[in-house]
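Participant: Structure in structure tokens, see below.
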There are 2 protein chains.
Amino acid sequence: MAGTNKSRTQSKQSAGAPAIILVEPQLGENIGTAARAMLNFGLTEMRLVNPRDGWPNPRAVGAASGADMVIEGARVFPDAAAASADIDILFATTARPRDMIKRVVTPTQATAEMRVQAAGGKRCGILFGRERWGLTNDEVVLADTVVTIPSNPAFASFNIAMAVLLIGYEWYRGADATPPAQVDMGRGRLANKAELLGLFAHLEAELDACGFLRVADKRPSMVRNLRNIFQRAGLSEQEARTLRGVISGLADHAHRRWLAESKPDPAKQGVGEGGEV
Amino acid sequence: MAGTNKSRTQSKQSAGAPAIILVEPQLGENIGTAARAMLNFGLTEMRLVNPRDGWPNPRAVGAASGADMVIEGARVFPDAAAASADIDILFATTARPRDMIKRVVTPTQATAEMRVQAAGGKRCGILFGRERWGLTNDEVVLADTVVTIPSNPAFASFNIAMAVLLIGYEWYRGADATPPAQVDMGRGRLANKAELLGLFAHLEAELDACGFLRVADKRPSMVRNLRNIFQRAGLSEQEARTLRGVISGLADHAHRRWLAESKPDPAKQGVGEGGEV
């Protein structure tokens, strides 16, 4: 079982993770894409109840896109009861309510409960039904709780791998520390305030020189607005330097053009004399 | 555009929903499964940038499993800039950080922001990259914000339709009122307290009669434990009646057996005389 050893080297995300039990899956492709979806979220234990086309199935391997450890570690059982015999807390996914009195939870709630149970040393599992008609009522009765994915009531039929993906996603999210929003700085770092003030001073000096800020009573608000634009952009130190290069480039070009334009006029020749082209 | 009119009759879930923009998708099957995933969560606006195998694509129709309105309404654009020209707030999905200073959010955060923007009348869109190598850096730069799905760092490559599904799921969840946990009563209703107490009294009377509760100092705790089992089960009115039938059935059988066993013994014949077999 190559999958078993590899699963021990997985991140702690997979410790206590639920077993994914596919009941009589018909298409090998769906088993493979379900395996890929599992591994995307660190789930590694797949159980197959009586897969239609037998096992192993090369189509499943192809569709798994590299999630080989899940496919290789998959175990086959004759029925849902056998596949869940060692499970303490069993969930069953259904798209629609059955005429059956049963606790029904969302994927968010189900995976939160799985984490609580796993922390208490309990093994959790979740049944997924056949592509065409899901789980039988007898299979649903095996479970403690039904999981139903909230969805468009006019189009509520999920591909089996998609349903597996959403459970995996919610399982992973339950212990994921990714901040909701962050700024990826790539290889750079934010410009500090001295670097930003250096940029502002450079820009304002050139704008004073070219006359852009010549209206004295508008100068303070114009400066504030310009500083605010660059403040808001969250510049990196490299970007602040790049912008200073841009300012110098524009100012030098203006200077050169002024020199070039002034040369043909003999009356202005003395003014441009010190400039470099 | 059949899709356009139908989308107006969708639930309010789809009002202001983001446009799903697939950039140079290669396989028609992936376009179809992405369409199915979209409609599962009420998203209906699909845009395709330069799909490899042209458009329309019969493989997409097959894989959409009935999400025809999404496929029929899909529009084709020459590049990502054209596909997002009328979008106010554009997101881009990427699996891995780029060497680019960019705000990065989770799907939960992204769809929460989309709902805020949509409520303000803004159009949102989200770019999904090519199957093999995602979005180019030039395409990522078009977007305001990057969305990265938190996932197993050792296996972070998502099928494109799976990524679309997760965004749709989070979008839908953001306005979904499904309680995290509830008890589906099927066609039944919970037994009320009078019905439960009737069941308890019935059971206890039969247990008194058969001698199960004969140890007087254990009787109170035994009664409490039994009542607690059935209280905890959250019985429906029908189930309470069924259990009373079970009790009667067991008690009557015991009575009949007692009569039958007592008949062969002529000494006891008088005792069983009034019984019916």
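Participant: Do you know which residues across the range A:132-151 are open to solvent by 30 Å² or more (accessible area, probe 1.4 Å) and facing chain B (nearest Cβ under 10 Å)?
Facilitator: Residues of the range A:132-151 that are open to solvent by 30 Å² or more (accessible area, probe 1.4 Å), as a first pass: A:132-133, A:136-138, A:141-142, A:144, A:148.
The one that is open to solvent by 30 Å² or more (accessible area, probe 1.4 Å) and facing chain B (nearest Cβ under 10 Å): A:THR148.
Participant: For a quick check of your reading: which helices (runs of 4 or more DSSP H) sit entirely within the range A:1-120 and have at least 3 residues that are charged (D, E, K, R) and modelled with pLDDT of 95 or more?
Facilitator: So the answer is none; nothing clears 3.
Participant: Among the listed residues A:ARG173, A:ARG189, A:ARG227, identify the single one that is of a type outside the set (A, V, I, L, M) and more than 32 Å from the chain's Cα centre (by Cα).
Facilitator: Details: A:ARG173 fails: more than 32 Å from the chain's Cα centre (by Cα); A:ARG189 fails: more than 32 Å from the chain's Cα centre (by Cα).
Unique residue meeting the criteria: A:ARG227.
Participant: Which one is nearest to B:THR93 (Cα to Cα), of the residues in the range B:152-179 that are open to solvent by 10 Å² or more (accessible area, probe 1.4 Å) and among the aromatic types (Phe, Trp, Tyr)?
Facilitator: B:PHE158
Participant: Out of the residues in the range A:44-71 that are touching a residue at least 60 places away in the same chain (Cβ under 8 Å) and either surrounded by fewer than 20 Cβ atoms within 10 Å (Cβ to Cβ) or of a type in the set (Lys, Arg) (or both), state the one that is nearest to the other protein chains (Cβ to nearest Cβ).
Facilitator: Within the range A:44-71, the first condition is being touching a residue at least 60 places away in the same chain (Cβ under 8 Å), and the residues that meet it are A:47, A:68-71.
Still in the running and either surrounded by fewer than 20 Cβ atoms within 10 Å (Cβ to Cβ) or of a type in the set (Lys, Arg) (or both): A:47, A:68.
On the way: A:ARG47: 20, A:ASP68: 10 Å.
So, considering only residues that are touching a residue at least 60 places away in the same chain (Cβ under 8 Å) and either surrounded by fewer than 20 Cβ atoms within 10 Å (Cβ to Cβ) or of a type in the set (Lys, Arg) (or both), the one nearest to the other protein chains (Cβ to nearest Cβ) is A:ASP68.
Participant: Any chance you could count how many residues in the range B:16-34 are more than 20 Å from B:LEU135 (Cβ to Cβ) and within 14 Å of chain A (Cβ to nearest Cβ)?
Facilitator: Number of matching residues: 3.
Participant: Next question, about the same structure. Go through (1) within 9 Å of chain A (Cβ to nearest Cβ); (2) part of a helix (DSSP H, G or I); (3) touching a Lys or Arg at 6+ places or on another chain (Cβ under 6 Å); (4) not basic (Lys, Arg) for B:LEU166 and report which single condition fails.
Facilitator: (3)
Participant: So, one more: When only residues in the range B:109-125 that are at the interface with another protein chain (Cβ under 10 Å from one of its Cβ atoms) and in contact (Cβ under 8 Å) with a residue 60 or more places away in the chain count, which is nearest to B:ASN159 (Cα to Cα)? Break it down stepwise before answering.
Facilitator: Filtering the range B:109-125 for residues at the interface with another protein chain (Cβ under 10 Å from one of its Cβ atoms) gives B:109-110, B:112-113.
Applying the additional criterion that residues be in contact (Cβ under 8 Å) with a residue 60 or more places away in the chain yields B:110, B:112.
Numbers: B:ALA110: 19, B:ALA112: 23 Å.
My answer is B:ALA110.
Participant: Can you tell me which residue in the range B:169-181 is farthest from the other protein chains (Cβ to nearest Cβ), limited to those that are in contact with a Ser or Thr (Cβ under 7 Å, 6 or more places away or on another chain) and not in a loop (DSSP other than H, G, I, E, B)? Talk me through it step by step, then tell me what you get.
Facilitator: Step one: list which residues in the range B:169-181 are in contact with a Ser or Thr (Cβ under 7 Å, 6 or more places away or on another chain), which gives B:170-172, B:174, B:178, B:180.
If we keep only those that are not in a loop (DSSP other than H, G, I, E, B) too, we end up with B:170-172.
Numbers: B:GLU170: 9, B:TRP171: 11, B:TYR172: 6 Å.
Here the answer is B:TRP171.
Participant: Restricting the range A:73-90 to residues that are of a type in the set (Asp, Glu) and farther than 12 Å from A:LEU48 by Cα, which is surrounded by the fewest Cβ atoms within 10 Å (Cβ to Cβ)? Working first, answer last.
Facilitator: So in the range A:73-90, the residues of a type in the set (Asp, Glu) come out as A:79, A:86, A:88.
So of that shortlist, the ones also farther than 12 Å from A:LEU48 by Cα come out as A:86, A:88.
Working: A:ASP86: 9, A:ASP88: 14.
Restricting to residues being of a type in the set (Asp, Glu) and farther than 12 Å from A:LEU48 by Cα, the top hit is A:ASP86.
Participant: Pairs please, first residue from the range A:126-144 and farther than 27 Å from B:ALA233 by Cβ and touching a residue at least 60 places away in the same chain (Cβ under 8 Å), second anywhere and crowded, with 19+ Cβ neighbours inside 10 Å and of a type in the set (Val, Ile, Thr), Cβ atoms under 8 Å, 6+ apart in sequence or on different chains.
Facilitator: Hits for this filter: A:ARG130/A:VAL23; A:GLU131/A:ILE160.
Participant: Now for a different question. Is there a residue being over 26 Å from A:LYS102 (Cβ atoms), out of contact with any Asp or Glu (no Cβ under 6 Å at 6 or more places or on another chain) and modelled with pLDDT of 95 or more anywhere in the range B:225-244? Don't jump to the end; show me each part of the working.
Facilitator: Going through the range B:225-244, the residues over 26 Å from A:LYS102 (Cβ atoms) turn out to be none.
Looking through the range B:225-244, none of the residues is over 26 Å from A:LYS102 (Cβ atoms), out of contact with any Asp or Glu (no Cβ under 6 Å at 6 or more places or on another chain) and modelled with pLDDT of 95 or more.
Participant: Might you check whether a residue that is within 30 Å of A:SER236 (Cα to Cα), surrounded by 14 or more Cβ atoms within 10 Å (Cβ to Cβ) and more than 7 Å from every other protein chain (Cβ to nearest Cβ) occurs anywhere in the range A:182-193?
Facilitator: Among the residues of the range A:182-193, at least one is within 30 Å of A:SER236 (Cα to Cα), surrounded by 14 or more Cβ atoms within 10 Å (Cβ to Cβ) and more than 7 Å from every other protein chain (Cβ to nearest Cβ), which makes the answer yes.
Participant: Here's a follow-up. Determine which member of the set B:THR106, B:THR93 is in contact with a strand residue (DSSP E or B) (Cβ under 8 Å, 6 or more places away or on another chain), more than 8 Å from chain A (Cβ to nearest Cβ) and buried (at least 19 other Cβ atoms within 10 Å of the Cβ). Working first, answer last.
Facilitator: Working: B:THR106 fails: more than 8 Å from chain A (Cβ to nearest Cβ).
The conditions single out B:THR93.
Participant: Here's another thing I want to ask about it. Checking the structure you have, find out if any residue of the range B:202-217 is touching a residue at least 24 places away in the same chain (Cβ under 8 Å) and within 14 Å of chain A (Cβ to nearest Cβ).
Facilitator: At the first step, the residues of the range B:202-217 found to be touching a residue at least 24 places away in the same chain (Cβ under 8 Å) are B:202-203, B:206, B:209-210.
When the remaining residues are screened for being within 14 Å of chain A (Cβ to nearest Cβ), the result is none.
Checked against the condition, which is being touching a residue at least 24 places away in the same chain (Cβ under 8 Å) and within 14 Å of chain A (Cβ to nearest Cβ), the range B:202-217 yields no hits at all.
The values are calculated or read from the model by the stated rules, or taken from the named source; none is laboratory data. All of these numbers come straight from a predicted model, not from anything done at the bench. We place every Cβ from the backbone using ideal geometry, glycine too, and count neighbours over all the protein chains shown. Protein only, heavy atoms only, side chains kept; ligands, DNA and RNA dropped before computing areas. Shrake-Rupley method; radii C 1.70, N 1.55, O 1.52, S 1.80 Å.
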